[in-house]
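Written below as structure tokens is the structure these notes are about.
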Amino acid sequence: MSDALNDALTPIGLLAELTHRCPLRCPYCSNPVELERRSSELDTATWCRVLSEAAALGVLHVHLSGGEPTARSDIETITAHCAKVGLYSNLITSGIGIALEKLRGLVEAGLDHVQLSIQAADAARADSIAHLKGAHDQKLAFARHVIELDLPLTINAVIHRGNIDSVSDILDLAVSLGAKRVEIAHTQYYGWAFVNRAALMPTRAEVDRSIALVEAAREQLQGRIVIDLVVPDYYAKYPKACAGGWGRRLMNVSPSGKVLPCHAAETIPGLTFWSVHDHSLADIWARSPAFEAFRGTAWMQEPCRSCERRERDWGGCRCQALALTGNAASTDPACHLSPHHSLIQTLAAAESAAPSPTPIYRGFGASAGRQHIGETA
Amino acid sequence: MMRGLSAGSIPHLPRGVRLHHDMIRNTHVLLAPERAFDLDTVALEVLMLVDGRRSIREIASDLAARYDADRSVIEADVIDMLNSLVDRRILGALSPGSDQKP
Ligand SMILES: C[S@@+](CC[C@H](N)C(=O)[O-])C[C@H]1O[C@@H](n2cnc3c(N)ncnc32)[C@H](O)[C@@H]1O
Ligand code: SF4
Ligand code: SF4
């Protein structure tokens with residue numbers, strides 16, 4: 001197979017954050033601590049225009065996410081529009097509330113794939129993490145309906161100290177539900193997850209055990225389910241190529257229409273984000289200051305600047321660099337070559353060894369959450 | 001489950017997997033959940049014959065006739081390529097003498 005998808009500098013994925021509204025309050029949620037409100041959300045016509053522009057720009061996959069994307073009353077229209085312009089649509093959902101009822105309509109609208117998140121393998125624990133009684137059972141019913149409708153299903157589970165001992169049960173559950181793919185996603189510390197890091201951080205021993213387990217299961221389950229593993233940064237040797245490299249593969253449209261190079265980019269001070277209200281996606285991709293800021297390698301400092309991996313991982317994540325070093329242009333501390341690497345290892349070890357503090361649950365009016373950001377270091 | 005395709009298997013693209021002509025990059029891609037495979041000419045030729053009716057044997061015969069090549073060599077290549085898609089859960093197939101989907 002050739003490599004046209006990697007060579008050209010056109011985006012292949014669009015994360016459409018349709019709303020920040022959500023019935024759950026997962027303490028690991030990577031959404032921003034300051035959520036955008038319903039009154040500022042884009043209307044149906046604007047989303048459809050943006051999706052048409054995305055297709056024309058070369059985007060292949062659209063991830064309909066949020067918040068809870070099915071909380072939008074026009075989710076069927078938006079999905080149908082994806083199908084109309086040839087975009088592959090992926091619904092990223094909690095499966096809670098109205099989601100079940102809307103599923104058939106979404107299939108009829110041409111939905112291609114569903115990614116359902118679960119919090120644990122047993123209801124008691126899952127409901128306490130999601131902060132809603134009955135949530136887990138709703139999710140199971142939703143998963144069954146996805147299979148009944150013959151849609152491909154991915155199960156996503158975010159892993160942290162509160163569920164890392166049940167990775168094996170989560171894999172079993174995903175298989176028994178009929179999922180073709182399961183994502184074991186170690187918590188990425190953005191948004192609420194950053195605020196709640198101490199309540200989420202597992203120990204290195206727990207991480208090593210769970211990764212070994214996933215690798216063994218991958219072989220055992222080959223041909224039955226594909227297991228994708230998102231490894232935990234704080235215990236890593238090299239960082240991830242965040243978003244496939246800044247401004248290289250992905251665009252993220254926020255509920256109010258701001259276009260970001262990644263989910264958390266707004267945490268970086270001084271960046272100017274253009275809005276779909278004022279510019280076309282093509283224009284934003286090519287010229288917006290936020291996309292230009294860390295595209296390529298010219299912005300890099302040492303050790304990235306002269307590193308042979310600089311076009312492989314693109315220096316890691318800018319948001320994580322900022323959050324942990326105070327400088328968005330420094331090497332992601334997940335990299336063992338970063339001068340801050342030992343600091344985050346020490347931090348992870350200390351937090352994971354201490355008793356888990358009570359997490360702060362996300363919600364609107366989040367001042368309590370914000371106070372804690374500075375205290376975590 | 002084993003890598004089970006044989007010449008008699010009848011492959012199909014399951015729901016959620018489809019061919020797409022990418023006009024921006026001037027190539028054909030196979031779109032699947034969270035993945036896009038950039039297809040070379042051979043892979044595209046094979047996948048265009050995957051329709052849930054033809055067996056692998058028939059697909060190989062068709063290609064062998066068109067390219068004036070040895071059918072058994074082509075058949076082995078097609079089985080290999082399609083097996084790798086089965087492993088990734090982006091191809092379904094009916095096996096000869098059963099109605100089991102791998
Ligand atoms: C922000 S959620 C929005 C969609 C929907 N509310 C849900 O939870 O499935 C998008 C995806 O990111 C995952 N996720 C949330 N917080 C995360 C974190 N801190 N690290 C890694 N993945 C996370 C969720 O499990 C979900 O699959
Ligand atoms: S991760 Fe949890 S809290 Fe965050 S948007 Fe998804 S369901 Fe809601
Ligand atoms: S120094 Fe920079 S480019 Fe090199 S591996 Fe580390 S993060 Fe990647």
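The values are calculated or read from the model by the stated rules, or taken from the named source; none is laboratory data. Owing to the predicted nature of the structure, the values given are computational and were not obtained by experimental measurement. Because the Cβ atoms are built from the backbone with ideal geometry, glycine has one as well, and the counts that use them run over all protein chains shown. Just so you know, the surface numbers come from the protein's heavy atoms only, side chains and all, with ligands and any DNA or RNA stripped out. Shrake-Rupley method; radii C 1.70, N 1.55, O 1.52, S 1.80 Å.
Residue by residue through region A:56-74, note down the ones that are within 11 Å of another protein chain (Cβ to nearest Cβ) and assigned to a loop (DSSP other than H, G, I, E, B).
The answer is A:58, A:59, A:60.
Could you please give the count of residues in region B:32-66 that are buried (at least 21 other Cβ atoms within 10 Å of the Cβ), away from chain A (no Cβ under 14 Å) and small (Gly, Ala, Ser)?
The first filter runs over region B:32-66 and keeps only residues buried (at least 21 other Cβ atoms within 10 Å of the Cβ), leaving B:32-33, B:39, B:46-47, B:50, B:56, B:59-60.
Filter once more, so that each one left must be away from chain A (no Cβ under 14 Å): B:50, B:56, B:59-60.
Add one more test, that the residue is small (Gly, Ala, Ser), and what stays is B:60.
Result for region B:32-66: 1.
Just to check your reading of the model, which residue among A:182, A:214, A:207, A:276 is within 12 Å of ligand 1 (Cβ to nearest atom), among the β-branched types (Val, Ile, Thr) and surrounded by 17 or more Cβ atoms within 10 Å (Cβ to Cβ)? Spell out how you get there, then give the answer.
Working: A:214 fails: within 12 Å of ligand 1 (Cβ to nearest atom); A:207 fails: within 12 Å of ligand 1 (Cβ to nearest atom); A:276 fails: within 12 Å of ligand 1 (Cβ to nearest atom).
Selected residue: A:182, the only one of A:182, A:214, A:207, A:276 that is within 12 Å of ligand 1 (Cβ to nearest atom), among the β-branched types (Val, Ile, Thr) and surrounded by 17 or more Cβ atoms within 10 Å (Cβ to Cβ).
Yes or no, residue by residue, for (1) at pLDDT 95 or above; (2) within 14 Å of another protein chain (Cβ to nearest Cβ); (3) within 16 Å of ligand 2 (Cβ to nearest atom):
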{"position": "A:34", "(1), (2), (3)": "no, no, yes"}
{"position": "A:38", "(1), (2), (3)": "no, no, yes"}
{"position": "A:45", "(1), (2), (3)": "yes, no, no"}
{"position": "A:50", "(1), (2), (3)": "yes, no, no"}
{"position": "A:54", "(1), (2), (3)": "yes, yes, no"}
{"position": "A:76", "(1), (2), (3)": "yes, no, no"}
{"position": "A:81", "(1), (2), (3)": "yes, no, no"}
{"position": "A:88", "(1), (2), (3)": "yes, yes, no"}
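Scan region B:67-98 for residues that are away from every other protein chain (no Cβ under 12 Å), within 24 Å of residue A:181 (Cβ to Cβ) and surrounded by fewer than 16 Cβ atoms within 10 Å (Cβ to Cβ) and jot them down.
B:80, B:95
Is it the case that residue A:9 is in a loop (DSSP other than H, G, I, E, B), surrounded by fewer than 20 Cβ atoms within 10 Å (Cβ to Cβ) and hydrophobic (A, V, I, L, M, F, W, C)?
yes
Within region A:163-174, does at least one residue satisfy the condition of being touching a residue at least 24 places away in the same chain (Cβ under 8 Å) and within 14 Å of chain B (Cβ to nearest Cβ)?
Initially, region A:163-174 is screened for residues touching a residue at least 24 places away in the same chain (Cβ under 8 Å), giving A:163-174.
Subset that is within 14 Å of chain B (Cβ to nearest Cβ): A:174.
Looking through region A:163-174, at least one residue is touching a residue at least 24 places away in the same chain (Cβ under 8 Å) and within 14 Å of chain B (Cβ to nearest Cβ).
Step by step: first the residues of region A:130-155, then only those that are in contact (Cβ under 8 Å) with a residue 60 or more places away in the chain and open to solvent by less than 50 Å² (accessible area, probe 1.4 Å), then the one that is nearest to ligand 3 (Cβ to nearest atom). Which residue is that? Can you show your working first?
Step one: filter region A:130-155 for residues in contact (Cβ under 8 Å) with a residue 60 or more places away in the chain, giving A:130-132, A:135.
Still in the list and also open to solvent by less than 50 Å² (accessible area, probe 1.4 Å): A:130, A:135.
Details: A:130: 34, A:135: 38 Å.
Restricting to residues being in contact (Cβ under 8 Å) with a residue 60 or more places away in the chain and open to solvent by less than 50 Å² (accessible area, probe 1.4 Å), the top hit is A:130.
Could you please let me know if residue A:127 is out of contact with any Cys (no Cβ under 9 Å at 6 or more places or on another chain), closer than 23 Å to residue A:191 by Cα and more than 12 Å from ligand 1 (Cβ to nearest atom)? Working first, answer last.
Numbers: out of contact with any Cys (no Cβ under 9 Å at 6 or more places or on another chain): yes; closer than 23 Å to residue A:191 by Cα: yes; more than 12 Å from ligand 1 (Cβ to nearest atom): yes.
Yes: the conditions hold for residue A:127.
If we keep just the residues of region B:6-31 that are out of contact with any helix residue (DSSP H, G or I) (no Cβ under 9 Å at 6 or more places or on another chain) and more than 7 Å from chain A (Cβ to nearest Cβ), which is modelled with the lowest pLDDT?
That would be B:23.
Restricting attention to region A:274-289, does a residue exist that is under 25 Å from residue A:20 (Cα atoms), touching a Gly at 6+ places or on another chain (Cβ under 9 Å) and at pLDDT below 95?
No: region A:274-289 contains no residue that is under 25 Å from residue A:20 (Cα atoms), touching a Gly at 6+ places or on another chain (Cβ under 9 Å) and at pLDDT below 95.
For region A:156-176, give me the residue count where each residue is surrounded by fewer than 19 Cβ atoms within 10 Å (Cβ to Cβ) and either at positive phi or in a helix (DSSP H, G or I) (or both).
Of the residues in region A:156-176, 6 are surrounded by fewer than 19 Cβ atoms within 10 Å (Cβ to Cβ) and either at positive phi or in a helix (DSSP H, G or I) (or both).
Residue check: is residue A:256 assigned to a loop (DSSP other than H, G, I, E, B), of a type in the set (Ser, Thr, Tyr), closer than 21 Å to residue A:66 by Cα and touching a residue at least 24 places away in the same chain (Cβ under 8 Å)? Quick ask: steps written out before the conclusion?
Values: assigned to a loop (DSSP other than H, G, I, E, B): yes; of a type in the set (Ser, Thr, Tyr): yes; closer than 21 Å to residue A:66 by Cα: yes; touching a residue at least 24 places away in the same chain (Cβ under 8 Å): yes.
Taking the combined requirement at face value, the residue satisfies it.
Check whether at least one residue in region A:185-205 is within 14 Å of chain B (Cβ to nearest Cβ), of a type outside the set (Asp, Glu) and outside any helix (DSSP H, G or I), and report yes or no.
Step one: of region A:185-205, the residues within 14 Å of chain B (Cβ to nearest Cβ) are A:185.
In the following step, the residues that additionally are of a type outside the set (Asp, Glu) were identified as A:185.
Going one step further and asking which of them are outside any helix (DSSP H, G or I), we end up with A:185.
Yes: region A:185-205 contains one or more residues that are within 14 Å of chain B (Cβ to nearest Cβ), of a type outside the set (Asp, Glu) and outside any helix (DSSP H, G or I).
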